[in-house]
Amino acid sequence: MDRGETKFQVLLKKSVVENIRIEHPVILKGQYEKAYNLLRDSLDAGITPCLVGPPGVGKSLLARKVAEDTGRVFFEIFFDENVTPSRLVGAFDPALVVRKGRSIESFEPGPLIRAMVEGGLFVAHELNRATEFCQNSLISPLEERHYHIYPLGLIKAHESFAFVATQNPIETAGTYRLSRVLMDRIGCWIRLSYPSKETEIEIMRVNAPASDLPDSALEKIYEIINDTRNNPSLEVPASPRAGIFLTRLVNNNLDDFKGEDEAIRFFAPAVLSKEMRVREEGKTVESIINEILDRRLGSVN
Ligand SMILES: Nc1ncnc2c1ncn2[C@@H]1O[C@H](COP(=O)(O)OP(=O)(O)O)[C@@H](O)[C@H]1O
Ligand SMILES: [Mg+2]
């Protein structure tokens with residue numbers, strides 16, 4: 001430890017990494033194989049793709065996988081009404097401007113400019129939630145592959161720079177809409193929905209490290225998750241991410257229970273109640289979850 005360095009600073013130094021690697025296998029079967037190929041093909045053809053699908057179906061993971069497989073550094077931004085163009089593009093640091101003026105030395109780049117300059121893959125999550133100002137900032141990087149920063153001049157994108165958007169279909173009717181101009185620049189719409197049973201079970205397994213759960217437990221978890229998707233009382237069903245969380249909890253703590261059913265029954269309400277929104281009056285998340293658990297695991301009295 002250097003003199004004067006705090007314990008936190010030492011740890012922070014060790015924690016700085018170039019890029020986060022994907023830590024588990026990526027299942028590229030069924031819809032994922034198709035989506036992955038479309039994603040790569042559109043980027044190769046210089047066409048901007050948009051991944052459309054409900055939360056937790058694997059949009060981010062696919063984009064990250066393509067970045068890794070094509071040797072690009074990964075950048076991302078999660079749009080909402082509070083994200084400003086300067087957060088996206090970058091801004092001059094006032095303290096440095098005092099000494100160096102508005103110059104390259106005083107410019108703090110945002111993720112979009114970093115991806116352009118470094119030839120990375122930039123992911124614009126929830127693009128439909130970007131404000132009009134942010135949407136406008138994206139037009140010239142997509143159309144002309146450059147961005148004008150006053151007074152630096154025109155910043156030209158590296159030839160490897162690639163842009164991927166993601167969007168949640170439930171939200172397309174929401175407050176912000178994609179402007180016609182931006183919409184026209186997105187040339188490939190890749191739709192993902194909930195995966196098939198076999199694929200989702202495989203996803204649950206690879207995401208629960210050292211999973212030694214029997215197939216019967218994974219099937220039950222899948223059926224419970226899938227029931228929330230076919231239940232008209234629920235507005236927001238459980239995502240594959242919820243299935244992964246439930247699998248991990250059951251897998252890690254199985255020994256504390258009499259069997260997999262008891263473990264699933266214990267953890268399912270805690271994992272599922274966060275995700276769901278009830279549409280029908282007089283019903284609660286708990287009552288719906290209990291109905292599903294009784295159906296899949298048999299009722300306990
Ligand atoms: N095809 C897949 N193979 C392996 N894991 C997956 C796959 N699809 C999704 N996952 C896992 O599911 C979770 C949610 O995926 P994510 O990409 O974050 O979803 P989204 O961006 O659509 O909300 C993550 O833990 C991810 O690793
Ligand atoms: Mg995501």
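Across the range 37-73, the number of residues qualifying as surrounded by fewer than 20 Cβ atoms within 10 Å (Cβ to Cβ) and over 15 Å from the mean Cα position of the chain (by Cα) comes to 13.
Any residue that is within 25 Å of Pro240 (Cβ to Cβ) and aromatic (Phe, Trp, Tyr) - is there at least one of those in the range 80-100? No - not one qualifying residue is present in the range 80-100.
Test Val66 against the stated conditions and say whether it is within 16 Å of ligand 2 (Cβ to nearest atom), farther than 22 Å from Ser193 by Cα and assigned by TED's automatic domain parsing to the domain that holds Arg145. For Val66, the condition - within 16 Å of ligand 2 (Cβ to nearest atom), farther than 22 Å from Ser193 by Cα and assigned by TED's automatic domain parsing to the domain that holds Arg145 - is not met.
When the helices (runs of 4 or more DSSP H) confined to the range 42-157 are screened for residues that are within 14 Å of ligand 1 (Cβ to nearest atom), those reaching at least 1 such residues are found at 59-69.
Between Ile104, Ile20, the distinction of being of a type in the set (A, V, I, L, M) and within 18 Å of Phe122 (Cβ to Cβ) belongs to Ile20 only.
How do the pairs read when you match residues in the range 52-63 that are touching a residue at least 60 places away in the same chain (Cβ under 8 Å) and near ligand 2 (Cβ under 8 Å from one of its atoms) with residues anywhere that are small (Gly, Ala, Ser) and in a loop (DSSP other than H, G, I, E, B), using Cβ under 9 Å and keeping only pairs 6 or more apart or on different chains? Close Cβ pairs satisfying both conditions: Pro55/Ser239; Gly56/Ala238; Gly56/Ser239; Lys59/Gly53.
Could you list, in sequence order, all residues of the range 205-241 that are closer than 18 Å to Glu291 by Cβ, at pLDDT 95 or above and of a type in the set (A, V, I, L, M, F, W, C)? Passing the criteria: Ile221, Ile224, Ile225.
Residues in the range 199-228 that are in contact (Cβ under 8 Å) with a residue 60 or more places away in the chain and more than 11 Å from ligand 1 (Cβ to nearest atom): Pro209, Lys220, Glu223, Ile224, Asp227, Thr228. Scanning the range 7-42 for residues that are touching a Leu at 6+ places or on another chain (Cβ under 8 Å) and not aromatic (Phe, Trp, Tyr) yields Ile22, Val26, Gln31, Ala35, Leu39. Residue count for the range 103-118 under the criterion of being surrounded by 15 or more Cβ atoms within 10 Å (Cβ to Cβ) and over 21 Å from the mean Cα position of the chain (by Cα): the result is 5. Within the range 69-87, the set of residues being acidic (Asp, Glu), more than 16 Å from ligand 2 (Cβ to nearest atom) and touching a residue at least 40 places away in the same chain (Cβ under 8 Å) comprises just one member, Glu81.
Search the range 6-41 for residues being of a type in the set (S, T, N, Q) and either over 30 Å from Met276 (Cα atoms) or without any contact (Cβ under 8 Å) to a residue 40 or more places away in the chain (or both), and hand back the single one that is nearest to ligand 1 (Cβ to nearest atom).
Here is the first cut: in the range 6-41, the residues of a type in the set (S, T, N, Q) are 6, 9, 15, 19, 31, 37.
Now drop any that are not either over 30 Å from Met276 (Cα atoms) or without any contact (Cβ under 8 Å) to a residue 40 or more places away in the chain (or both), which leaves 6, 9, 15, 19, 37.
Numbers: Thr6: 33, Gln9: 31, Ser15: 21, Asn19: 16, Asn37: 13 Å.
Step by step, filter the range 6-41, then rank; the result is Asn37.
The values are calculated or read from the model by the stated rules, or taken from the named source; none is laboratory data. Keep in mind it's a predicted model, so treat the numbers as computed, not measured. Because the Cβ atoms are built from the backbone with ideal geometry, glycine has one as well, and the counts that use them run over all protein chains shown.
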